[in-house]
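Peer 1: Before we start, here is the structure in question, set down as structure tokens.
The values are calculated or read from the model by the stated rules, or taken from the named source; none is laboratory data. Fair warning: this is a prediction, and the values are worked out from it, not measured in the lab. Positions of Cβ are backbone-derived with ideal geometry, glycine not excepted, and every protein chain shown enters the neighbour counts. Heavy atoms of the whole protein, side chains included, go into the accessibility calculation; ligands, DNA and RNA do not. Shrake-Rupley method; radii C 1.70, N 1.55, O 1.52, S 1.80 Å.
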Amino acid sequence: VQLQASGGGLVQAGGSLRLSCATSGRTFSMYRMAWFRQAPGNEREFVAAITWNTGVTYSADSVKERFIISRDNAKNTLYLQMNSLKPEDTAVYYCAGRVSSTFEYLRPTLYNYWGQGTKVTVSS
């Protein structure tokens, strides 16, 4: 499975961006996909996750009501719509996928596949 993230860029505070993560390969084996982010000097942190078949979503408290995770099964693509962006959202954003059906979704170590990351910079 290969993941290719895109859509990052520079945006002013209050603006919006939509990240995409195109998947290829044995994507039918994917149980859950997620977005993580990592700011300089910080650990990689969970942003949002979606169960691929059911569409059930989970979000970090810091992005609830602002970020929306979704997927297009026909296009095998994962999205992250980011609204009302804040300077503290500045980070490299990574998409990730895993085949295990374990309920837990927060830890990066649970995910088998990772995209290369796309940088989001929010200016104040």
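Peer 1: Specify which of the listed residues (Y93, Y105, Y111) is under 10 Å from the mean Cα position of the chain (by Cα) and aromatic (F, W, Y). Don't jump to the end; show me each part of the working.
Peer 2: On the way: Y105 fails: under 10 Å from the mean Cα position of the chain (by Cα); Y111 fails: under 10 Å from the mean Cα position of the chain (by Cα).
Exactly one of Y93, Y105, Y111 is under 10 Å from the mean Cα position of the chain (by Cα) and aromatic (F, W, Y), namely Y93.
Peer 1: Tell me the residue from A34, A5, A39, A13 that is open to solvent by 20 Å² or more (accessible area, probe 1.4 Å) and within 22 Å of L110 (Cβ to Cβ), please. Explain how you work it out, then say what you get.
Peer 2: Details: A34 fails: open to solvent by 20 Å² or more (accessible area, probe 1.4 Å); A5 fails: open to solvent by 20 Å² or more (accessible area, probe 1.4 Å); A13 fails: within 22 Å of L110 (Cβ to Cβ).
Of A34, A5, A39, A13, the one residue that is open to solvent by 20 Å² or more (accessible area, probe 1.4 Å) and within 22 Å of L110 (Cβ to Cβ) is A39.
Peer 1: Mind counting the residues in the range 29-42 that are more than 15 Å from the chain's Cα centre (by Cα) and farther than 14 Å from N112 by Cα?
Peer 2: Filtering the range 29-42 for residues more than 15 Å from the chain's Cα centre (by Cα) gives 29, 40-42.
Applying the additional criterion that residues be farther than 14 Å from N112 by Cα yields 40-42.
Total satisfying the criteria: 3.
Peer 1: Oh, and also: Consider T109 carefully, then state whether it is farther than 14 Å from R18 by Cβ, in contact with a strand residue (DSSP E or B) (Cβ under 7 Å, 6 or more places away or on another chain) and either open to solvent by 50 Å² or more (accessible area, probe 1.4 Å) or at pLDDT 95 or above (or both).
Peer 2: Here the answer is no, as T109 does not meet what is asked.
Peer 1: Does any residue of the range 69-85 turn out to be small (G, A, S), in contact with a strand residue (DSSP E or B) (Cβ under 7 Å, 6 or more places away or on another chain), over 14 Å from T121 (Cα atoms) and buried (at least 18 other Cβ atoms within 10 Å of the Cβ)? Reasoning before the result, please.
Peer 2: Initially, the range 69-85 is screened for residues small (G, A, S), giving 70, 74, 84.
Remaining after also requiring in contact with a strand residue (DSSP E or B) (Cβ under 7 Å, 6 or more places away or on another chain): 70.
Imposing the further condition that a residue be over 14 Å from T121 (Cα atoms) reduces the set to 70.
Filter once more, so that each one left must be buried (at least 18 other Cβ atoms within 10 Å of the Cβ): none.
No, every residue in the range 69-85 fails to be small (G, A, S), in contact with a strand residue (DSSP E or B) (Cβ under 7 Å, 6 or more places away or on another chain), over 14 Å from T121 (Cα atoms) and buried (at least 18 other Cβ atoms within 10 Å of the Cβ).
Peer 1: Quick check on A22: is it closer than 16 Å to W114 by Cα, surrounded by fewer than 18 Cβ atoms within 10 Å (Cβ to Cβ) and touching a residue at least 12 places away in the same chain (Cβ under 8 Å)?
Peer 2: Numbers: closer than 16 Å to W114 by Cα: yes; surrounded by fewer than 18 Cβ atoms within 10 Å (Cβ to Cβ): yes; touching a residue at least 12 places away in the same chain (Cβ under 8 Å): yes.
Yes: the conditions hold for A22.
Peer 1: If you don't mind, there's one more thing I want to ask. Can you tell me how many residues within the range 1-19 are of a type in the set (G, A, S) and over 16 Å from R37 (Cα atoms)?
Peer 2: From the range 1-19, those of a type in the set (G, A, S) are 5-9, 13-16; that's our starting set.
Still in the running and over 16 Å from R37 (Cα atoms): 13-16.
Looking only at that region, the number is 4.
Peer 1: Something else about it: Read through the list (1) at pLDDT 95 or above; (2) open to solvent by less than 50 Å² (accessible area, probe 1.4 Å); (3) more than 14 Å from the chain's Cα centre (by Cα), then give the number of the only condition that A49 fails.
Peer 2: Every condition holds for A49 apart from (3).
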